[in-house]
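The values are calculated or read from the model by the stated rules, or taken from the named source; none is laboratory data. Just so we're clear, the structure is a prediction, and the values are computed from it rather than from any experiment. When we count neighbours, we look across all protein chains shown, and the Cβ atoms used for this are built from the backbone with ideal geometry, even at glycine.
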Amino acid sequence: MPQHMRSGSLSLEPHGDFAFVEEELLKQLEDLKVDLSQLHVAEVTGSAASKLSKIQVVHTSIAHVLTIINQTQKKNLRKFYESKKYKPLDLWPKKICAMHHRLNEQQPEDQEAAVGTAVPTAELRG
């Protein structure tokens with residue numbers, strides 16, 4: 001983790017083990033939000049620069065906790081819908097735009113047939 005993202009109050013890695021309890025994460029999130037509000041008050045009242053520099057660290061810590069919560073929820077949803085017939089759209093596999101716009105097996109044959117049956121408009125202008 002980069003130096004500017006390190007925080008003494010946060011020892012979580014979002015890409016690490018997801019064996020976190022949701023209540024602990026939510027409690028930690030609330031604590032970080034309280035810290036952030038206190039730091040914003042200190043910013044307005046003109047406190048020391050050390051408190052002002054801590055605002056960015058707390059913002060990043062909040063982002064890390066939210067990332068872990070969201071990834072855990074998504075992982076649990078994937079596990080729940082694994083054996084289901086239908087899945088929500090956000091759980092479908094991500095595809096690049098070219099894959100979405102690619103023709104299926106029947107469409108190229110239809111295009112080739114349509115090219116041969118086109119009416120020549122130049123002869124009709126007469």
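Can you pull out every residue in segment 67-81 that is over 18 Å from E23 (Cβ atoms) and either touching a residue at least 60 places away in the same chain (Cβ under 8 Å) or over 12 Å from the mean Cα position of the chain (by Cα) (or both)?
Our first condition is that a residue be over 18 Å from E23 (Cβ atoms); within segment 67-81, this holds for 74, 77-81.
Result: L77, R78, K79, F80, Y81.
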query: Can you spot a residue in segment 81-102 that is modelled with pLDDT of 80 or more and touching a strand residue (DSSP E or B) at 6+ places or on another chain (Cβ under 8 Å)?
result: no
query: Of (1) modelled with pLDDT of 90 or more; (2) of a type in the set (K, R); (3) surrounded by 14 or more Cβ atoms within 10 Å (Cβ to Cβ), R78 satisfies all except one. Which?
result: (3)
